[in-house]
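Just below is one structure, and these are the notes that go with it.
The values are calculated or read from the model by the stated rules, or taken from the named source; none is laboratory data. Keep in mind the model is a prediction, meaning the values are calculated, not measured. Virtual Cβ from ideal backbone geometry, glycine too; neighbours counted across all protein chains shown.
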Amino acid sequence: MIKRSFFSLNQPRLVYDLPEPDLKEPELIPVPASLSVLIAEAIDSTKQALIKKGDAVKKGEKLKLYDDSTAYTLSPVAGTIKLFDTYSDDFGNIATFILIKPDQTQTSGDDTIKLDTVEDIGFADQFLRKLPGAPPFEMLANGKTKINTIVITCSDTDLLSTTSQFVSLKYTDEVKEGARILKRLTKVPRFCITIPENLETQMSFDSIQILKTSNIYPSTLPALVMKDHLNITLPAGQMPEDMGICFIRAEALVSLARVYKTKEAVFDKILTLIGKEGTRHRVRATIGTPLSKIFSRFNIHVNEQDRIIIGGPMKGFATFTPHHPVLADMDTVIIQDRDIIPQLSDYPCVNCGKCIRICPANIPVNLLVRYLEADQYEEAADRFDLESCIECGLCAYVCTAHIPLYQYIRLGKHELLTLRAEA
């Protein structure tokens, strides 16, 4: 629930939502007539692709573009590849999407890839990266960073979303089993789990330290969990894994437990859908399902200039198409009616100071944004702590001039990395 303070000089009190008391099974979305899966690799016209239009695929089959590709995806259904083409994300990064038409006539077990599961992180990296919950197996297996602590997140990191809490309550036994498997896979000595302090639960975990997170946003963001509970301050420009900390969703552990039990990859993703009137729906959809199919199930009509937000209201991003597929790391989808979308502006900063007072990282946002607007990214990092931002979005929430500060900062970080890579 979002509550603005009555007095404008006070900080707003933003409170995380709790899941519904009656944890019903999510609404099942039928497998659609076509699904889209993504590979984080661009098409190279000079190479011979391993896949082509008309190829038959099995459920769980590993798909990659070229012999030397390290990026891959998994087919969520048995069917036929209709096409594959270029996809561009919200920062212009080029990837590839594969459109698959399910074969409704396949009913035998022969249409599903059976896995010879072994408790080895290399196996998980090679075959299980694309499970619901997006387990970070690639990072855990690469050997470049030494992970000494894994934090299981049963707390949701954005407002309005309750997916992680729902999963941890509804499938507690599978979260525990997934944690046991992950311990054996990784040999990481320390495991922690975040649970909201006001969540009524009797969950207990053997040899796993429970971290009770505050119900005030943004206390569940990784940087603040590290600071408040692990006594580790995340240095500017670094990621938690650089400090030996790995965060993993509870849903990823549920997926891991199911894979080792069934010997098959799983593709049912749980989402929190929030309609135009604020109505919350809990859904289960196959990875690759177009969002439009979920909207249709609940009679949600997306009109021109309505906004579809993937993620929560503070950290989410808008997609330009209702055909955007369900992804392994997608927890929340919000539909905003065009008549109530908050207005952004290109007005200059009025130096009210709200963004400075509310920033958890104590960044002089009012000065930082001037350099970002002028495309001076190196100066923004060197002089005004661009890389110290934890991307909570509070500055944009309180901005008197309605400047899209959060978007400026995310873009600034992306451009800074690009400039450094080119250099």
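Of everything listed in (1) crowded, with 21+ Cβ neighbours inside 10 Å; (2) of a type in the set (Gly, Ala, Ser); (3) within 17 Å of the chain's Cα centre (by Cα), the single unmet condition for residue 311 is (1). Kindly evaluate residue 152 against the criterion of being surrounded by fewer than 21 Cβ atoms within 10 Å (Cβ to Cβ) and of a type in the set (A, V, I, L, M, F, W, C). In short, no. Taken over the range 285-327, residues that are aromatic (Phe, Trp, Tyr) and over 19 Å from residue 26 (Cα atoms) amount to 2. Among the residues of the range 108-120, not a single one is closer than 28 Å to residue 320 by Cβ and at pLDDT 95 or above.
Restricting attention to the range 356-395, the residues that are free of Cβ contacts under 8 Å to residues at least 24 places away in the same chain, hydrophobic (A, V, I, L, M, F, W, C) and crowded, with 18+ Cβ neighbours inside 10 Å total 1.
Scanning the range 324-349 for residues that are modelled with pLDDT of 95 or more and touching a helix residue (DSSP H, G or I) at 6+ places or on another chain (Cβ under 8 Å) yields 324, 325, 326, 331, 332, 333, 335.
On the stretch given as the range 74-119, residues that are over 25 Å from the mean Cα position of the chain (by Cα), in a loop (DSSP other than H, G, I, E, B) and not hydrophobic (A, V, I, L, M, F, W, C) total 10.
Every test in (1) assigned to a loop (DSSP other than H, G, I, E, B); (2) surrounded by fewer than 16 Cβ atoms within 10 Å (Cβ to Cβ) is passed by residue 134 save one, and that test is (2). The residues of the range 139-154 that are under 12 Å from residue 186 (Cα atoms) and outside any loop (DSSP other than H, G, I, E, B), listed by number, are 139, 140, 141, 149, 150. For the range 211-264, the tally of residues that are among the charged types (D, E, K, R) and at positive phi stands at 1.
Evaluate the following for residue 269: is it modelled with pLDDT of 95 or more, in contact with a strand residue (DSSP E or B) (Cβ under 8 Å, 6 or more places away or on another chain) and within 30 Å of residue 125 (Cα to Cα)? So residue 269 fits the description; yes. When the residues of the range 59-106 are narrowed to those that are touching an Asp or Glu at 6+ places or on another chain (Cβ under 9 Å) and polar (S, T, N, Q), which ends up surrounded by the fewest Cβ atoms within 10 Å (Cβ to Cβ)? It comes out as 70.
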